[in-house]
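Report on the structure given below.
The values are calculated or read from the model by the stated rules, or taken from the named source; none is laboratory data. Computed from a predicted structure; not experimentally measured. All Cβ positions, glycine included, derive from the backbone under ideal geometry; neighbour counts span all protein chains shown. SASA here: full protein model, heavy atoms, side chains in, ligands and nucleic acids out. Shrake-Rupley method; radii C 1.70, N 1.55, O 1.52, S 1.80 Å.
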Amino acid sequence: MTPADVTYLGETPAHDAEIEAINEEAFGPGRFARAAYRIREGGPHERALSFVATHGGAVIASVRLTRIAAGEGRALLLGPLAVRPAFKNVGIGRKLVRIALEAAAKAGAPAVLLVGDEPYYGPLGFGKIPRGQISMPRPVDLDRLLAVEIVPGAVALLDGEVCHADLARVPATV
Ligand SMILES: CC(C)(COP(=O)(O)OP(=O)(O)OC[C@H]1O[C@@H](n2cnc3c(N)ncnc32)[C@H](O)[C@@H]1OP(=O)(O)O)[C@@H](O)C(=O)NCCC(=O)NCCS
């Protein structure tokens, strides 16, 4: 397999079953208990900002973005990101993150947040969110709360518990 054999595509509903299998393989049944999963239960992910890598017509990796809110702040939550074991360590995960970040910026997203390992995501532009600024609906290691700011000041606006953007309180209009 060479990098040229891998194709990156926008996610479609036809990819759903294969993506589910990849996430099951990568995270197991424990994925349903994760904080990020809990947030994603609040509403749909952004299909137009989610991507797959394919090889020989099969999905071998996936990344999704979901709109989230925390206080007045708005952002996209990146994840799950997963790569089939046989295709790890050839740059597919990093490429998918870069594609997703580019799409997020093009779509005008203020920031992208995730729960993950700083050594992996740091070189991709993610930095730690100051401890105590935001919380998640389930316990997480606060050192793993990372964000990339697209619009200056967007990360500072994130405040309090993170939820799916569809569940954010809409300010009263009267
Ligand atoms: C993490 C994951 C997405 C990386 O995808 P990948 O395509 O294998 O990664 P890439 O090829 O882009 O990058 C590989 C590099 O990242 C490093 N790396 C992988 N996981 C890492 C981690 N958790 N922390 C630090 N570095 C990591 C590898 O050692 C490798 O380093 P090298 O380039 O110096 O050799 C993939 O291993 C995976 O699906 N893991 C299981 C699910 C998971 O943990 N997802 C992330 C949730 S936050």
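When you scan the range 64-104, how many residues do you find that are basic (Lys, Arg) and crowded, with 23+ Cβ neighbours inside 10 Å?
1
Could we say that Ala61 is open to solvent by less than 30 Å² (accessible area, probe 1.4 Å), in contact with a helix residue (DSSP H, G or I) (Cβ under 8 Å, 6 or more places away or on another chain), under 21 Å from Phe27 (Cβ atoms) and part of a helix (DSSP H, G or I) here?
Numbers: open to solvent by less than 30 Å² (accessible area, probe 1.4 Å): yes; in contact with a helix residue (DSSP H, G or I) (Cβ under 8 Å, 6 or more places away or on another chain): yes; under 21 Å from Phe27 (Cβ atoms): yes; part of a helix (DSSP H, G or I): no.
So Ala61 does not fit the description; no.
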Being within 13 Å of the ligand (Cβ to nearest atom) and small (Gly, Ala, Ser) is the filter here; which residues of the range 64-92 pass it? Gly79, Ala82, Ala86, Gly91
Looking at (1) within 14 Å of the ligand (Cβ to nearest atom); (2) in contact with a helix residue (DSSP H, G or I) (Cβ under 7 Å, 6 or more places away or on another chain), find the lone condition where Gly30 falls short. (2)
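Here are Val162, Val83, Val148, Val90: which of them is closer than 25 Å to Ile22 by Cβ, in contact with a Ser or Thr (Cβ under 8 Å, 6 or more places away or on another chain), β-branched (Val, Ile, Thr) and in contact (Cβ under 8 Å) with a residue 12 or more places away in the chain?
Val162
Kindly indicate the residue of the range 93-122 that is of a type in the set (Val, Ile, Thr) and more than 7 Å from the ligand (Cβ to nearest atom) and also nearest to Ile134 (Cα to Cα) among those meeting that condition. Let's see the steps before the verdict.
Of the range 93-122, the ones of a type in the set (Val, Ile, Thr) are 97, 99, 112, 115.
From what's left, more than 7 Å from the ligand (Cβ to nearest atom): 97, 99, 112.
Numbers: Val97: 22, Ile99: 26, Val112: 14 Å.
Per the stated criteria, the residue is Val112.
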Is it the case, given these coordinates, that Ala61 is without any contact (Cβ under 8 Å) to a residue 12 or more places away in the chain, of a type in the set (Gly, Ala, Ser) and farther than 30 Å from Ala156 by Cα? no
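Somewhere in the range 70-83, is a residue of a type in the set (Lys, Arg) and assigned to a strand (DSSP E or B)?
Keep residues of the range 70-83 that are of a type in the set (Lys, Arg), which gives 74.
Filter once more, keeping what is assigned to a strand (DSSP E or B): 74.
Yes: the range 70-83 contains one or more residues that are of a type in the set (Lys, Arg) and assigned to a strand (DSSP E or B).
Condition check ((1) within 15 Å of the chain's Cα centre (by Cα); (2) at pLDDT 95 or above; (3) not basic (Lys, Arg)) across all residues:
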{"residue": "Ala104", "(1), (2), (3)": "yes, yes, yes"}
{"residue": "Gly108", "(1), (2), (3)": "no, yes, yes"}
{"residue": "Phe126", "(1), (2), (3)": "yes, yes, yes"}
{"residue": "Gly132", "(1), (2), (3)": "no, no, yes"}
{"residue": "Asp159", "(1), (2), (3)": "no, yes, yes"}
{"residue": "Ala172", "(1), (2), (3)": "no, no, yes"}
If you go through the range 40-52 one residue at a time, do you hit one that is in contact with a helix residue (DSSP H, G or I) (Cβ under 6 Å, 6 or more places away or on another chain) and assigned to a strand (DSSP E or B)? yes
